[in-house]
Amino acid sequence: MLEEIGVDNIGDLFKTVPGKYLLDKELNLPSPLSELELMKHMKELNEKNASAADFNFFLGGGVYNHFIPSVMKYIVSRPEFYTSYTPYQPEVSQGTLQAMFEFQTLMCGLLGMDASNASLYDGASAAAESVLMALRINKQDRIAVSSTIHPDYRRVIRTYCDNGNTEIVDIPFDERGMTDLEKLKEALQKGLSCAVLQSPNFFGIVEDLREYEKLIHESNALLIVAFSEPIAFGLLRPPGDFEADICCGEGQSLGILPGFGGPHLGILTAKEAYVRNIPGRIVGRTRDEDGRDAYVLTLTAREQHIRREKARSNVCTNQGLCALMATVYLEGLGKSGIKKLAHINHKRAEYAKGKLREIGWIDLRFSSPTFNEFVLKLKHKPEEVLEKLLDRKIVAGLSLGRFYDDLKDSLLVSFTEMNTKEDIDNFTACLNELY
Amino acid sequence: MNCIDTPMTEKIMNDFGIKTLAINEPLIFEQGSAGRTAFSLPEETIDLGKIDGSLPDDLIRDSIDCLPEISEVELIRHFTRMSQWNYGVDTGFYPLGSCTMKYNPKLNEEAASLPGFARSHPYQPESLSQGSMRLLWELEQYLCEIAGMDRCTLQPAAGAHGELCAMMMMRAKLAEKKSPRHKVLIPDTAHGTNPASVAMCGFKAVPLKSNREGIIDIDSVKSLMDEDVVAIMATNPNTLGLFEKNIVAVSDIVHKKGGYVYCDGANMNALMGKVKVGELGVDLVHLNLHKTFSTPHGGGGPGAGPLLVKQSLAPYLPVPVVEKNNERFVFNYDLPQSIGKLKSFYGNFLICVRAYTYILSMGAEGLRKASETAVVNANYIRSKLKKYYHLPYDDSCMHECVFTDKKQKQHGVSTLDIAKRLIDHGFHPPTVYFPLVVDGALMIEPTETESKESIDRFINAMINIAKEAKENPEELKRSPQKSKITRVDEVTAARNPILKWCTSK
């Protein structure tokens with residue numbers, strides 16, 4: 001091949017690199033491992049971790065331990081799906097494109113919205129992109145963010161908006177554990193681009209969006225509703241029913257592994273009027289030259305590879321395979337499955353709620369209705385309780401002190417179909433024995 | 001015993017792409033029957049009795065109309081059929097320029113599916129996550145060594161996210177110094193994400209014309225570089241596949257005026273073990289784990305775009321950073337100057353696992369040889385095809401080469417026609433009409449994982465197409481014919497967007 005190229009050695013091909021910058025020794029990296037040795041090493045690292053495979057997890061907070069049926073793995077590990085690129089060439093990408101069209105349909109249906117993109121990085125970046133979208137739509141520069149949305153979503157919104165021009169008003173939560181209505185009213189009086197709420201919120205509480213929606217729309221602001229547990233919409237009326245202008249959130253619960261925090265699935269949906277302001281890839285249906293149905297990336301005039309600095313966002317690679325997982329999962333569950341699953345989650349959490357509040361040193365932090373997680377108020381330090389239960393192979397939940405100064409006594413506990421009645425009974429018995 | 005004595009190679013060479021089994025498959029919403037489900041769920045036996053604070057009736061939903069009712073086998077067939085309409089790296093040669101579609105080793109997938117990684121929760125106690133945290137820490141060290149940088153964050157989920165992270169870190173540093181700098185110099189060969197990332201940060205993208213050699217022009221940098229410039233953003237090797245040989249001089253000019261040098265490392269597959277970009281004056285660089293480090297592209301993600309910086313920018317890294325205290329790994333959230341969080345948790349962790357196993361399976365020599373082979377392969381294609389296709393910059397290239405349709409245009413054949421005809425020959429098309437500075441660009445990146453035979457088949461197909469352009473251009477314009485669909489009507493798709501399925505009522 002070198003002869004064909006017309007050079008004597010490989011070094012000649014690097015002649016454009018100034019000589020003194022060419023490395024004269026190998027990189028300082030570990031010696032290569034064979035597959036056998038490498039898998040042994042990886043298993044050793046794996047052993048140093050615990051997971052829901054060997055512990056009982058009552059830990060949620062935006063990432064949930066749900067059951068993933070066997071079919072999932074067999075479909076999403078088909079290399080035609082996972083070794084392909086963004087479907088720029090529709091003739092050889094109809095599989096990905098049709099799946100994304102189904103994904104968009106499913107997201108609209110699940111959330112009660114008009115239009116969806118084909119995914120963003122995660123719930124947090126979807127929330128941040130939603131805010132940027134609202135700022136573009138109404139050209140205002142103030143936004144309100146409820147302190148009941150996932151703390152990482154809040155932090156990522158802050159990072160994305162830290163441009164010196166956008167003012168962020170934090171709306172505290174009230175004694176119900178919901179967005180403080182009076183404080184939101186005050187913020188709206190000074191004019192807002194949008195208000196970001198979440199339901200079920202970070203405390204697992206189902207916020208009644210109706211009261212907020214009216215206020216927000218009366219002041220011509222946009223309502224952005226975030227979510228981190230989409231299984232809830234198998235049971236609960238979706239954000240679209242409450243006139244959300246943009247609905248965004250995390251799709252990890254839809255058949256995606258917790259994976260120590262990623263890759264997960266950012267979802268962004270909107271009302272029809274805002275379609276051309278949506279960031280990221282969108283798939284549309286069209287026809288080929290022979291009149292057959294075909295799918296293609298569309299509305300690309302919004303995107304960076306066409307519009308460069310005038311694009312709606314810089315997003316290029318998104319979370320395609322995770323969107324595929326969510327598609328397979330929701331289609332597999334189907335109409336009856338999602339409802340049943342949501343009921344199981346809710347019932348297990350309610351059962352646990354009843355049992356946990358019987359323990360003397362435990363109380364409920366809020367009395368509002370919740371879906372599959374809720375906040376406990378403890379008379380002992382949550383960190384200490386967590387630490388002690390590790391010996392019993394239980395991860396008891398998420399201590400909220402790291403996110404909220406006034407919730408240092410609080411523990412967020414989460415329940416899914418993976419936590420059986422026996423697990424919950426064991427959990428409460430272990431807690432009972434602690435003090 | 002009978003055996004085949006006629007060589008098949010030549011026949012296959014000339015007719016590599018064939019029509020294959022492709023069964024029509026309607027949308028899932030048009031299938032199934034009431035009452036079916038593909039998953040079995042446990043029957044719930046918990047009897048709750050009466051509980052306070054339960055959900056109000058008026059917040060309960062009736063049903064989700066769009067969800068299908070299908071059986072497990074219907075689900076499996078639906079996606080199996082659809083997968084067969086897709087071309088992946090495991091299907092064949094995928095010379096998509098600047099996307100580095102190299103083979104994705106299967107052991108990476110095995111490693112990432114170990115339960116201690118796949119089923120671990122980002123909020124579980126650090127004492128239960130030491131394996132994953134060690135992996136993150138070590139991967140950061142390896143990437144820093146490869147790029148010649150000091151510190152790394154694995155939080156960005158994609159290349160564009162890494163760029164955004166870099167811009168935000170510079171913005172944070174400038175805000176601290178109350179500096180009014182707001183312009184970013186971007187060569188006209190840059191990926192579209194570069195100017196878009198700059199704009200998202202409120203900076204102004206200033207285009208920088210490349211010179212006749214296709215690289216950054218030192219005089220243009222001199223004339224544009226002033227006290228308002230935040231940084232120069234350069235892809236190296238650039239999107240013409242050329243090494244930016246003036247990068248050190250450019251870095252000096254930018255640094256002298258107080259600016260930063262950002263390197264878009266999307267094309268790092270040419271440089272592993274050959275050059276450390278950190279030694280070229282680069283202050284920040286992002287790498288694409290889904291390109292250079294063999295993690296699969298997933299039909300459009302998930303990827304990972306770690307950002308690497310020099311020590312002076314370390315205080316601005318997103319939180320948390322993973323640190324090693326004695327033999328224990330901890331997440332440090334206490335970085336007062338940090339830009340904050342860019343993404344939930346710690347990045348696309350399971351992608352990081354795959355890149356980590358890739359680096360460990362290759363070792364230093366393996367990575368260097370990968371880059372060398374990628375460069376040889378690209379130059380081989382360049383040499384073999386330059387008789388047939390116009391080569392706008394006739395110099396040895398790095399890991400990719402860029403041709404144009406100039407010769408074929410005289411017969412009315414365009415880059416798009418050439419790309420679509422490749423599908424009939426059994427190949428994925430190259431990147432087309434990019435970079436924008438080249439009219440009708442065909443950007444070809446073979447990567448190191450292709451054999452000479454597979455590259456020769458591709459070259460043969462390209463030569464055949466060049467012939468066909470002369471002799472039978474009309475046939476070419478009707479391509480592809482061997483794919484599931486023919487060319488699509490993109491104009492109608494955008495003008496009257498149909499973005500979801502709706503019931504006929």
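Here, each number is a calculation from the coordinates, and none is a lab measurement. Predicted, not measured: the structure shown is a model, and the values here were computed from it. Reconstructed Cβ throughout: ideal geometry from the backbone, glycine too, with neighbour counts over all protein chains shown.
Here are a few things to note about the model shown:
- Normalised per residue, the volume of the convex hull around the Cα set of segment B:293-338 (Å³): 129 Å³
- For segment B:131-145, the residues whose backbone nitrogen is under 20 Å from a point 7 Å from the Cα of A:Glu44, taken along Cα to Cβ, are B:131-143.
- Partner shielding of A:274-287 amounts to 4, given as the average count of beta-carbon atoms from other chains within 10 Å of each residue beta-carbon.
- With the simple spin-label model, which puts each label point 7 Å out from Cα in the Cβ direction, the A:Asp54 to A:Glu4 separation comes to 5.2 nm.
- Per-residue mean of C-beta atoms belonging to partner chains within 10 Å, peptide B:348-360: 5
- Per-residue mean of foreign Cβ neighbours for A:125-137 is 1 (Cβ atoms of other chains, 10 Å radius).
- Around the amide H of A:Arg292, modelled in the peptide plane, lies no amide H under 5 Å away from a residue 5 or more places distant or on another chain.
- Note on segment B:104-164: Rg/Rh from Cα positions, Kirkwood definition for Rh, rounded to two decimals, is 1.00.
- Loop-located GluC sites (Glu not before Pro) in segment B:32-122, at most 12 other Cβ atoms within 10 Å (DSSP): B:Glu43
- Ratio of Rg to Rh over segment B:364-486 (Cα coordinates, Kirkwood Rh, two decimals): 0.98
- Karplus-based coupling profile of segment A:279-294, in residue order and whole Hz: x, x, 6, 9, 9, x, 9, 8, 10, 8, 4, 9, x, 7, 4, 8, with θ = phi - 60° in 6.51 cos²θ - 1.76 cosθ + 1.60 and x standing for Gly or Pro.
- Cα convex hull of segment A:15-161, projected area averaged across orientations, nm²: 17.5 nm²
- Expected-Rg normalisation [2.2 N^0.38 Å, Cα atoms] applied to segment A:152-204: 1.21
- Distance between segment B:103-149 and segment B:308-364 - C-alpha centres, whole angstrom: 11 Å
- Chain B - percent relative contact order, Cα under 8 Å, separation 6 or more: 19 percent
- Amide N of segment A:327-368 lying under 16 Å from the label point, which is placed 7 angstrom from the Cα of B:Asp57 along Cα→Cβ: none
- Whole-number D in µm²/s for segment A:348-411 (Stokes-Einstein; Kirkwood sum over Cα pairs; 4 °C, 1.567 mPa s): 106 µm²/s
- FRET efficiency, A:Lys214 to A:Arg307 (Cβ-Cβ, R0 30 Å, nearest 0.05): 0.25
- Packing-based order for A:408-417, B:29-38, B:389-398, using average beta carbon neighbours within 10 Å, highest first: A:408-417, B:389-398, B:29-38
- Sorting the segments B:359-368, A:24-33 by their residues' average number of neighbouring beta-carbon atoms within 10 angstrom, most packed first, yields B:359-368, A:24-33.
- Gap separating the Cα centres of segment B:390-429 and segment A:223-289, nearest whole Å: 38 Å
- Panel order for B:Ser179, A:Ser228, by other beta carbons found within 10 Å of each beta carbon, from fewest to most: B:Ser179, A:Ser228.
- Dimensions in Å of segment A:70-329 - Rg and Dmax from alpha carbons: 18.2, 62
- For segment A:70-329, the antiparallel share of DSSP beta bridges with both residues in that region comes to about 45%.
- Under conditions of 20 °C and 1.002 mPa s, chain B yields 84 µm² s⁻¹ as its translational diffusion coefficient, taking Rh as the Kirkwood radius over Cα pairs in the Stokes-Einstein equation.
- Note on A:Thr420/B:Ile498: beta-carbon distance plugged into 1/(1 + (r/R0)^6) with R0 of 60 Å gives a FRET efficiency of 0.85.
- Distance between modelled label sites at A:Asp141 and B:Ala34, nm, 7 Å Cα→Cβ extension: 5.8 nm
- Over chain A, equivalent-ellipsoid semi-axes from the Cα gyration tensor in Å: 39, 31, 23
- Using only side-chain charges placed at the Cβ, +1 for Lys and Arg and -1 for Asp and Glu, the dipole size of the protein assembly as shown relative to its Cα centre rounds to 1460 debye.
- Looking at segment A:76-221, the pairs of alpha carbons with a distance over 27 Å make up 33% of the total.
- Quarter of the Cα convex hull surface for segment B:74-122, i.e. its orientation-mean projected area (nm²): 5.7 nm²
- Compactness index (Cα Rg / 2.2 N^0.38 Å), segment B:108-360: 1.00
- Here is the size of segment A:83-151 from its Cα atoms: Rg then Dmax, 15.6, 46 Å.
- Computed over Cα pairs, the Kirkwood radius of segment B:169-244 leads via Stokes-Einstein (0.692 mPa s, 37 °C) to a diffusion coefficient of 254 µm² per second.
- For segment A:173-309, the calculated P(r), taken from all Cα-Cα distances in 5 Å bins from zero up to the bin holding the longest distance, is 2, 8, 15, 16, 16, 15, 12, 8, 4, 2, 1, 0, 0 percent.
- Its relative contact order, with pairs defined as Cα atoms under 8 Å and 6+ residues apart, puts segment A:70-329 at 27 percent.
- 10 Å binning of all Cα-Cα separations within segment A:188-255, expressed as whole percents from 0 upward: 21, 53, 21, 4, 0
- Dipole orientation for the protein assembly as shown: of the candidates A:Ile216, A:Gly251, A:Asn56, A:Ile216 has the Cα lying most toward the positive pole (charges on Cβ; Lys, Arg +1; Asp, Glu -1).
- Across the alpha-carbon set of segment B:107-232, the Rg to Rh ratio works out to 1.10, Rh being the Kirkwood radius.
- Taking max minus min of the alpha-carbon positions on each principal axis, the protein assembly as shown gives extents of 83, 64, 62 Å, largest first.
- Ordering of B:405-417, A:260-272 by burial proxy (mean other Cβ atoms within 10 Å per residue, highest first): A:260-272, B:405-417
- Two-site FRET efficiency, B:Lys324 against B:Ile218, from Cβ-Cβ distance with R₀ of 35 Å, rounded to 0.05: 0.25
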